[in-house]
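Novice: Handing you this structure, nothing more for now.
The values are calculated or read from the model by the stated rules, or taken from the named source; none is laboratory data. Since the model is a prediction, treat every value here as computed from it, not as a measurement. Here the Cβ positions follow ideal geometry from the backbone for every residue, glycine too, while neighbour counts run over all protein chains shown. Ligands, DNA and RNA are excluded from the accessible area calculation, which covers all protein heavy atoms including side chains. Shrake-Rupley method; radii C 1.70, N 1.55, O 1.52, S 1.80 Å.
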Amino acid sequence: MTRLVLAQLAPVPADPEANLQRLAEALAVAPSDLAIFPELYLSGYRVGDRLHHLALRAGDRIWDRLVGLARENRTALVVGSAARSEERKGELRNVALLFRPDGTVASQVKRYLPTFGPFEEGVPFTPTDTSRPVPWGPHALGLAICYDAFFPEIFRAHALAGADLLVVISASPVTSYALFSKLLPARAIENGLPVVYVNRVGVEDGLVFGGGSGVWDPRGEPQPLEERPMAGLGPEERLLVGEVDLAEAARWRPFRPVLRDVATRPGADALPPEAP
């Protein structure tokens, strides 16, 4: 079994140092194999033009500290951040970063940027057009970010390319809770894979974030989670611990062979996991 920590926290807007400190405290309080923090956790969500100053880059002090924390705690760490594009100077990406215990780092850029209602992600961020699983020891993680959950082709691509676990980090408002509670079990069922969802809480600039973090098995059934005490937890903040069986998908899929049947059809190509 793989031990999980779901850090349903409210980041301090535009204060990555404070958010990094709480991240370190969570890792110390709840040892795990995989610890997951929300979308744009390090910077906060509604911070305007400050994103350019707050965006991470390999070799930054906070980046190096995250590398160290993953190594020191022997924990794989998924965290959301704004990041500077390595391909095009001046562009920002909304990314899910995977810091591995061996010191290596992988990332997945958000593919779909909401530009409706209170959302303006298309202004500061540049999306990507591809998704591929990222290696994690003998396994592979399929990473996605918030609004990506509404696009099943992302998760199908991860599954066909060999993902063992689908991980969604989010900064979703409370008004979207009912939608995500339906989508995420469906993503698990249609791909025969467990899904982990970590959404933030708190309020920024009038936007109330909805929590609802959870784990679903390959049948779409919610899995038990326990709360772990941590100093300074605010309203709706939760440090949740649980387990996921990464071998269960192989046992379940013969009873509902969706991926087998899809893979035999034209257009089922998917990108393999990137090199560690």
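Novice: Please verify whether TYR147 is farther than 29 Å from ARG71 by Cβ, crowded, with 19+ Cβ neighbours inside 10 Å and within 13 Å of the chain's Cα centre (by Cα), treating the condition exactly as stated.
Specialist: Details: farther than 29 Å from ARG71 by Cβ: yes; crowded, with 19+ Cβ neighbours inside 10 Å: yes; within 13 Å of the chain's Cα centre (by Cα): yes.
Yes: the conditions hold for TYR147.
Novice: If you don't mind, another one. Any residue in region 146-165 that's in contact (Cβ under 8 Å) with a residue 24 or more places away in the chain: show its pairings with residues that are assigned to a helix (DSSP H, G or I) and surrounded by fewer than 21 Cβ atoms within 10 Å (Cβ to Cβ) at Cβ separation under 6 Å, as long as the two are six or more apart or on different chains.
Specialist: Short answer, once both residue conditions are applied: ALA149/LEU183; ALA159/LEU259.
Novice: Right, SER170: open to solvent by less than 10 Å² (accessible area, probe 1.4 Å), out of contact with any Leu (no Cβ under 8 Å at 6 or more places or on another chain) and either at pLDDT 95 or above or among the acidic types (Asp, Glu) (or both) or not? Quick ask: steps written out before the conclusion?
Specialist: Values: open to solvent by less than 10 Å² (accessible area, probe 1.4 Å): yes; out of contact with any Leu (no Cβ under 8 Å at 6 or more places or on another chain): yes; either at pLDDT 95 or above or among the acidic types (Asp, Glu) (or both): yes.
Here the answer is yes, as SER170 does meet what is asked.
Novice: What's the number of the condition SER43 fails, among (1) part of a loop (DSSP other than H, G, I, E, B); (2) touching a residue at least 60 places away in the same chain (Cβ under 8 Å); (3) buried (at least 23 other Cβ atoms within 10 Å of the Cβ)?
Specialist: The failed condition is (2).
Novice: Right, another one. Quick one: would you say SER107 is among the polar types (S, T, N, Q), more than 24 Å from ARG253 (Cβ to Cβ), modelled with pLDDT of 95 or more and open to solvent by 50 Å² or more (accessible area, probe 1.4 Å)? Break it down into steps so the answer makes sense when it comes.
Specialist: On the way: among the polar types (S, T, N, Q): yes; more than 24 Å from ARG253 (Cβ to Cβ): yes; modelled with pLDDT of 95 or more: yes; open to solvent by 50 Å² or more (accessible area, probe 1.4 Å): yes.
Yes; evaluated as a whole, the condition is true for this residue.
Novice: Can you say whether ALA10 is part of a loop (DSSP other than H, G, I, E, B), under 30 Å from LEU246 (Cβ atoms) and touching a residue at least 40 places away in the same chain (Cβ under 8 Å), as far as the supplied structure shows? Write out each step before concluding.
Specialist: Working: part of a loop (DSSP other than H, G, I, E, B): yes; under 30 Å from LEU246 (Cβ atoms): yes; touching a residue at least 40 places away in the same chain (Cβ under 8 Å): yes.
Answer is yes for this residue.
Novice: Also, quick follow-up: Looking at the structure I just gave you, is VAL208 in contact with a helix residue (DSSP H, G or I) (Cβ under 8 Å, 6 or more places away or on another chain), in a strand (DSSP E or B) and open to solvent by 40 Å² or more (accessible area, probe 1.4 Å)?
Specialist: Judged against the criteria, VAL208 is a match.
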